[in-house]
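To start, the structure itself, in structure tokens.
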Amino acid sequence: MIEAQGLTKRYGATVAVDNLSFEVKPGKVTGFLGPNGAGKSTTMRMILGLDTPTSGDVRIDGQHYRDLHKPLTKIGALLDAKWVHPNRSARAHLAWMAASNKLPKSSVDKALEMVGLTSVAHKRAGAYSLGMSQRLGIAGALLGDPEVLLFDEPVNGLDPEGIVWIRTFMQKLASEGRTVLVSSHLLSEMSLTAEELIVIGRGKLIAQSSTRDFVDRASGTTVKVRTPQFDQLQNLLRQQQLITRIDDAEDQGKALLVEGNVTTDQIGELAAAHAIVLHELTLQRGSLEQAFMQMTGDSVQYHAHDELAHVADVQLPPPAGTEVAAGPKEEN
Amino acid sequence: MSVITVERIKLFSTRSPWWCMVISAVLSIGLAALFLGFLPSDEKPRATILMTQGGAQLSQMVMMVMAALAVTTEYRFGTIRTSFQAVPQRATVLLGKTAVVAAVAGVVGVVASFGAWAIGNVVDGSADLAINTAAEWRLVAGQGLVFALSAVIAVAVGILIRQSAGAIAILILWPLLLENLVQLIPKVGDDISQWSPFKNADSFLNQGQAFGLAGEPGQYALSPWWALLYFAGWAAALMTIALFTASKRDA
């Protein structure tokens, strides 16, 4: 289990990670989600003892990384696939890593086999494609057969085949009972891979919940209704305890947006029972990306103002059973 | 010692260290052949052992470049982070690297100096180049120690600078230019020069040698072995600062 307590990292005046507390539960794939520059990589480097936190603390099974004995057998990590000497062969790269933790030579062959690089292991790593480098990085992470694995943006820049491979591979690792923390800026990707989510923006925790809750909340539906008997329908829906909003942005006249778990069938039948004419009845689903952007919108470090302001107009139903630290609210 | 194995694998699994080693040895031996081979025949009998070691400084530079690159390429390609991830005790990692690089430089130094001495004997049979005195043994065998200690300095500079071009520039300009230029400062210049680290490495090698055609001996502040110890002190001090810095800062 990885536990962060009030983790903070400052570089001069910029705060990369701001009082971040979270838990990565064992035996699951946890997605570490946030826009670019949210502090995901910095956090991962602090977990691995590469960067020293300005304040706060992060421990792996109660221990600081620097106190781990043979750390590769405890926690494997792929932070950057390009962290390989381009003129060294993949086998030699893994060989020195294995030697550093007194792992048997067979572990190198096993790791190469697992990621499918055995036939090209003698080639210099600089000649590898990004997909192959990524596999080599994963081989390095798996070398010591660790219980905990850390991957930083592993699908970035990969072709579809590579993405599917990484996705299935991570699920396989979790099914073996390993703890996997994988960072990404793509919610749609995480919704396919991760069971739990830690969402951060501008170094702050935005949400920690199960992916299912997060996605349910994010992809909530609205029903859009247009009718000539506008006031009549609005009153009717209010009587049914349904939350409505008025959407008069379009030229076709005012429309009603009905929120909550309602279907077009229900609204249609309700209108028919009261003899209300409907001109339009459509189900609108907010995309995961929109929802994610709305949640992290305020916390994106560099953004084009107009575009995001528009996206933030999308309204979402309130969360159900999810702990959410909204906006700048401090944890604890 | 697993860190020694690690650094041995790292150093010998890329080609550039091999090139540096070969170039280093060839420079010493080749220059000795040229220096003695092209002597006019009337001067040939006056050649000395010291003259066979004329290329040593250049060879030493090449090994310092190799030593510095052993660190700076790790920073350049990010493998230093993988290294610290595998062994979080950073000083242990870096000392392992220093030990391997210094040992390699020492061996190359000995091969280069004895090779140069041997080729001198081949191209100039008329001179007395037999190694008889303790001072002569110190000159030829001692190159190994000087190479090893200058490699330690190079690793320390590499750790502190983290960048190949900068580290190499410092390592070349320091012994070749800086320590000679300070001599030009009036009044104190000579004293500063005599207490410069690389001048003391020279002092360790050159004291008590027959200069012959190789010019005049310089001024020495310390006796040979104290001079070497002084040079080693610089290496140890720089390495301590480097290890402290690397342990504190973000990788």
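Cβ-Cβ distances below 8 Å connect the following pairs, each with a first residue in the range A:194-215 that is assigned by TED's automatic domain parsing to the domain that holds A:Thr14, a second residue that is at pLDDT 90 or above and assigned to a helix (DSSP H, G or I), and a separation of six or more residues or different chains: A:Ile200/A:Lys40; A:Ile200/A:Thr43; A:Gly203/A:Thr42. B:Thr82 meets the conditions (1) of a type outside the set (Asp, Glu); (2) assigned to a helix (DSSP H, G or I); (3) more than 14 Å from chain A (Cβ to nearest Cβ) in every case but one. The failed one is (3). Note on the range A:25-46: among residues that are of a type in the set (Val, Ile, Thr) and buried (at least 22 other Cβ atoms within 10 Å of the Cβ), the one that is nearest to A:Ser209 (Cα to Cα) is A:Thr30. Filtered by the rule that a residue be closer than 27 Å to A:Asp216 by Cβ, touching a residue at least 12 places away in the same chain (Cβ under 8 Å) and not in a strand (DSSP E or B), the range A:235-270 gives A:Leu237, A:Gln240, A:Leu242, A:Ile243, A:Gly260, A:Asn261, A:Val262, A:Thr263, A:Thr264, A:Ile267, A:Gly268, A:Leu270.
From B:Pro175, B:Pro197, grab the single residue that is crowded, with 16+ Cβ neighbours inside 10 Å, farther than 16 Å from B:Val65 by Cβ and within 18 Å of the chain's Cα centre (by Cα). Walk me through how you get there before you give the answer.
Details: B:Pro175 fails: farther than 16 Å from B:Val65 by Cβ.
Of the residues listed, the single one that is crowded, with 16+ Cβ neighbours inside 10 Å, farther than 16 Å from B:Val65 by Cβ and within 18 Å of the chain's Cα centre (by Cα) is B:Pro197.
For (1) within 14 Å of chain A (Cβ to nearest Cβ); (2) outside any loop (DSSP other than H, G, I, E, B); (3) among the small types (Gly, Ala, Ser), each residue gets a yes or a no:
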| residue | (1), (2), (3) |
| --- | --- |
| B:Leu178 | no, yes, no |
| B:Asp191 | no, yes, no |
| B:Leu205 | no, yes, no |
| B:Leu213 | no, yes, no |
| B:Trp226 | no, yes, no |
| B:Ala236 | no, yes, yes |
| B:Ser247 | yes, yes, yes |
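Here is a list: B:Arg46, B:Arg15, B:Arg90, B:Arg76. Which entry is touching a Ser or Thr at 6+ places or on another chain (Cβ under 6 Å), among the charged types (D, E, K, R) and either more than 14 Å from B:Ala105 (Cβ to Cβ) or at pLDDT below 95 (or both)? Steps first, please.
Values: B:Arg46 fails: touching a Ser or Thr at 6+ places or on another chain (Cβ under 6 Å); B:Arg15 fails: touching a Ser or Thr at 6+ places or on another chain (Cβ under 6 Å); B:Arg76 fails: touching a Ser or Thr at 6+ places or on another chain (Cβ under 6 Å).
Only one candidate passes the filter, namely B:Arg90.
Mind telling me which of the residues B:Val6, B:Val22, B:Val71 ends up being modelled with pLDDT of 95 or more and over 25 Å from B:Gln89 (Cβ atoms)? Working first, answer last.
Working: B:Val6 fails: over 25 Å from B:Gln89 (Cβ atoms); B:Val71 fails: over 25 Å from B:Gln89 (Cβ atoms).
Selected residue: B:Val22, the only one of B:Val6, B:Val22, B:Val71 that is modelled with pLDDT of 95 or more and over 25 Å from B:Gln89 (Cβ atoms).
Just checking, which of B:Ala232, B:Ala246, B:Ala214 is touching a residue at least 24 places away in the same chain (Cβ under 8 Å), within 15 Å of the chain's Cα centre (by Cα) and surrounded by 15 or more Cβ atoms within 10 Å (Cβ to Cβ)?
B:Ala232
Every condition in (1) over 19 Å from the mean Cα position of the chain (by Cα); (2) not in a helix (DSSP H, G or I) is met by A:Arg91 except one, and the failing one is (2). In the set B:Phe77, B:Phe114, only one residue is farther than 30 Å from B:Trp226 by Cα and surrounded by fewer than 24 Cβ atoms within 10 Å (Cβ to Cβ); that residue is B:Phe77.
Of the numbered criteria (1) more than 14 Å from the chain's Cα centre (by Cα); (2) surrounded by 14 or more Cβ atoms within 10 Å (Cβ to Cβ), the one B:Leu181 fails is (2).
Filter the range B:1-47 down to the residues that are of a type in the set (Ser, Thr, Tyr) and surrounded by 20 or more Cβ atoms within 10 Å (Cβ to Cβ), then identify the one that is nearest to the other protein chains (Cβ to nearest Cβ).
Once the filter is applied, the top-ranked residue is B:Ser24.
Just a yes or no: is a residue in the range B:169-182 in contact (Cβ under 8 Å) with a residue 24 or more places away in the chain and of a type outside the set (A, V, I, L, M)? Within the range B:169-182, one or more residues are in contact (Cβ under 8 Å) with a residue 24 or more places away in the chain and of a type outside the set (A, V, I, L, M).
Of all residues in the range A:94-130, which are surrounded by 19 or more Cβ atoms within 10 Å (Cβ to Cβ), within 14 Å of chain B (Cβ to nearest Cβ), in a helix (DSSP H, G or I) and touching a residue at least 24 places away in the same chain (Cβ under 8 Å)? Answer for the range A:94-130, where residues must be surrounded by 19 or more Cβ atoms within 10 Å (Cβ to Cβ), within 14 Å of chain B (Cβ to nearest Cβ), in a helix (DSSP H, G or I) and touching a residue at least 24 places away in the same chain (Cβ under 8 Å): A:Leu94, A:Met97, A:Ala98, A:Ser100, A:Ser107, A:Val108, A:Ala111, A:Ala125.
Within the range A:65-78, how many residues are of a type in the set (A, V, I, L, M, F, W, C), at the interface with chain B (Cβ under 7 Å from one of its Cβ atoms) and surrounded by 24 or more Cβ atoms within 10 Å (Cβ to Cβ)? Walk me through how you get there before you give the answer.
Kept after step one, since they are of a type in the set (A, V, I, L, M, F, W, C), are these residues of the range A:65-78: A:68, A:72, A:75, A:77-78.
Next, from what is left, pick out any that are at the interface with chain B (Cβ under 7 Å from one of its Cβ atoms): A:68, A:72, A:77.
Next cut, surrounded by 24 or more Cβ atoms within 10 Å (Cβ to Cβ) only: A:72, A:77.
Result for the range A:65-78: 2.
The values are calculated or read from the model by the stated rules, or taken from the named source; none is laboratory data. All values reported here derive from a predicted model rather than from experimental measurement. For neighbour counting, all protein chains shown are included, and Cβ atoms are generated from backbone atoms with ideal geometry for every residue, glycine included.
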